[in-house]
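Report on one structure; see the data block that follows.
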Amino acid sequence: MRECYAKCGAMILGSDSHTRYGALGTMAVGEGGPELVKQLLSMTYDVKYPEVVAVILKGVPKRGVGPHDVAISIIGEVFKKGIVKNKIMEFIGEGVGNLSVEYRNGIDVMTTETACLSSVWQTDYKVKEYLAVRGRAGDYKKLQPKDLAFYDAVIEIDLSEIEPMIALPFHPSNAYKLRDLIANPRDILSEASKNINELLGGKVKMDLTKKVKKGKIRVEQAVIAGCAGGTYDNIVESANILKGKTIGNGEFTLSVYPGSQPVFTELVNNGSIATLMKAGASVRSCFCGPCFGAGDVPANDCLSIRHTTRNFESREGSKPLEGQISAVALMDARSISATAANGGVLTSALDIDYDAKIPSYNFDDSSYKSRVYNGFGKAEPSAPLRYGPNIADWPKIEPLADHAIYKITAVITDPVTTTDELIPSGETSSYRSNPLRLAQFALSRKVPEYVGRCKEVKADSDLLLSKGELPEVYKAAVEAAALDLTGTTQIASAIFAVKPGDGSAREQAASCQRVLGGGANFSREYATKRYRSNLINWGMIPFITKENFEVDDIVIVPNVKESLLSDTPFTLYIVRGDLVIVGEATVDKLTQDEKTIIKDGCLINYYAHK
């Protein structure tokens, strides 16, 4: 998409959260699959008009400081404060012109980890050249702020002051200066280990201070990969750093994944791949695997440094509930290569001498012409769809009833809950076309009892649908709340999480709850717009409430459909044993289409009705 489709002044929706082409003047947004289906079926893309934050760049980065260092610095400052959440980051200033377009791409793709909606950059002659080299000079347009431009907030960054950074487990915002970590490893790693173990809730223990040997931090694995790490510039500079050196034949390994086949081709042609291989690096095919736990899985108790997008605890093949855990830290390719040249001893790229010159890039799209089928506008309706035994239909999903009764099957009090915790990546990939099989993994690494609890609630719901009567436990709850539920009633499971939905755009985080009989999320707020959209498109109400919940609470919401359609607050009756708590919930403003989707039960039902 970067090489062939992104252009100045365009907009692209993609089904990956790291859909980011802002450095090329494209406002690109990562959304869940159902949101893209809406566009394929000619609906509008509905989003609250976002605030815009100016990111003013000045200065020139030091040699050895790469795009990941800049990105981690930004993420470390803004993520936890929510400064740019669901806003547009607009990169402007004289510093933009001091960066190559690939350098800008490397920063831009990581804005996803700030929780912003999208990011876009001013464009210049370098963008024009980038597009021209790829045969798309006509896609260039100069984009820049007017002389008098108003922003909702401003962030100023002096690139000359940025140092090599590291994001310790388990989030890109857990940012430290590499210099500080190398100078004071035990204190910083001890504090990081404490935070890690609190996050893991005692399921497994990790002690990063064990990585300190004779005052130096020793790393077992390094990876440079994907949309963030696998750029041409990153890999060329990595090869320059490792030229004539060796990573050694010990435990330390280095894997490099070019970001695209044309990039791979040019790296082969200019000798960079040969340089890396001679140094002992393993060069892989273009693949996003290391970012979501399906490639280069680190061994138990390993410390892996990566120029990839994320380092969540439930990625990288880690299985805390089975006693296995590994730690992934994010770093820039330059300092990763410096570490590799030092045999796995954590090293800053500022501490080594190397040639930072990057040869010009020649774009050869032969690999695309040989293999990619561009089917747009060439529909073949007669072509048969092939179904294997692991491809299954979606189960029938019921529409919203007049009243709702939710049983709380998971309560998550962490400050933020990622989509990886809601549905793990990695080993679940083979079940993505089998909804019921995939759903068995829902919250499996966070609340292993969740699936079993949901199945019990689903059985009660099925009983209600078949007999038209509330099971005794729900009937008793309704009586305790002194309610008269005239009309239809729905029984569904629900989760409470303080701030769910950070991370991936994958809609399975919502659909797995739905096929298990889920009907709602209760939260203080939602971490991303895309997760909230996924809930809506799967027919689940994204409640916002100040109420507190416990597992097995029965939450009765009388007149839920009427409140949804009329934009009025929802009254909650939380039944906990003999106790009845009356509370309230709201939802952030919904469009008429979104209300109808929830009323119909899900986006599939909505389109069936149309």
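Couple of notes before you dig in:
- Residues that are modelled with pLDDT under 90, within 15 Å of Gln513 (Cβ to Cβ) and not charged (D, E, K, R), drawn from the stretch 424-467: Pro424, Thr428, Ser444
- A count restricted to the stretch 1-23 and to residues that are among the aliphatic types (A, V, I, L, M), within 18 Å of Pro262 (Cα to Cα) and crowded, with 19+ Cβ neighbours inside 10 Å stands at 1.
- Residues (over 21 Å from Ser173 (Cα atoms) and touching a Gly at 6+ places or on another chain (Cβ under 7 Å)) located in the stretch 318-343: Gly343
- A single entry from Lys369, Lys407 fulfils the requirement of being of a type in the set (D, E, K, R) and out of contact with any helix residue (DSSP H, G or I) (no Cβ under 6 Å at 6 or more places or on another chain): Lys369.
- Test: residue in the stretch 300-310 that is surrounded by 14 or more Cβ atoms within 10 Å (Cβ to Cβ) and among the small types (Gly, Ala, Ser): yes
- Check on Val55, out of contact with any Lys or Arg (no Cβ under 8 Å at 6 or more places or on another chain), among the β-branched types (Val, Ile, Thr), at pLDDT 95 or above and more than 18 Å from Ser118 (Cα to Cα): no
- Evaluation of Glu507 against (1) over 14 Å from the mean Cα position of the chain (by Cα); (2) buried (at least 24 other Cβ atoms within 10 Å of the Cβ); (3) more than 17 Å from Val416 (Cα to Cα) (one fails), failing number: (1)
- Within the stretch 468-494, if we keep just the residues that are farther than 22 Å from Asp578 by Cβ, surrounded by fewer than 18 Cβ atoms within 10 Å (Cβ to Cβ) and not acidic (Asp, Glu), the residue that is nearest to the chain's Cα centre (by Cα) turns out to be Thr488.
- Leu516 in contact with a Cys (Cβ under 9 Å, 6 or more places away or on another chain) and either surrounded by 15 or more Cβ atoms within 10 Å (Cβ to Cβ) or of a type in the set (A, V, I, L, M) (or both): yes
- Candidate set: the stretch 374-406, residues that are in contact (Cβ under 8 Å) with a residue 24 or more places away in the chain, in a loop (DSSP other than H, G, I, E, B) and over 30 Å from the mean Cα position of the chain (by Cα); chosen: the one nearest to Met540 (Cα to Cα): Ala401
- Residue satisfying condition, being within 19 Å of Ile358 (Cα to Cα), surrounded by 23 or more Cβ atoms within 10 Å (Cβ to Cβ) and at pLDDT 95 or above, within set Asp108, Asp69: Asp69
- Residue match in the stretch 576-596 (condition: part of a loop (DSSP other than H, G, I, E, B), among the small types (Gly, Ala, Ser) and farther than 13 Å from Ala404 by Cα): yes
- Looking at the stretch 1-116, the strands (runs of 3 or more DSSP E) lying wholly inside it that each contain 1 or more residues that are in contact (Cβ under 8 Å) with a residue 12 or more places away in the chain and among the charged types (D, E, K, R) sit at 52-58, 88-92.
- Cross-chain or 6+ apart pairs with Cβ under 8 Å, the stretch 481-500 first and not assigned by TED's automatic domain parsing to the domain that holds Cys512, then surrounded by fewer than 20 Cβ atoms within 10 Å (Cβ to Cβ): none
The values are calculated or read from the model by the stated rules, or taken from the named source; none is laboratory data. Just so it is clear, the model here is predicted, and its values are computed rather than measured. Virtual Cβ from ideal backbone geometry, glycine too; neighbours counted across all protein chains shown.
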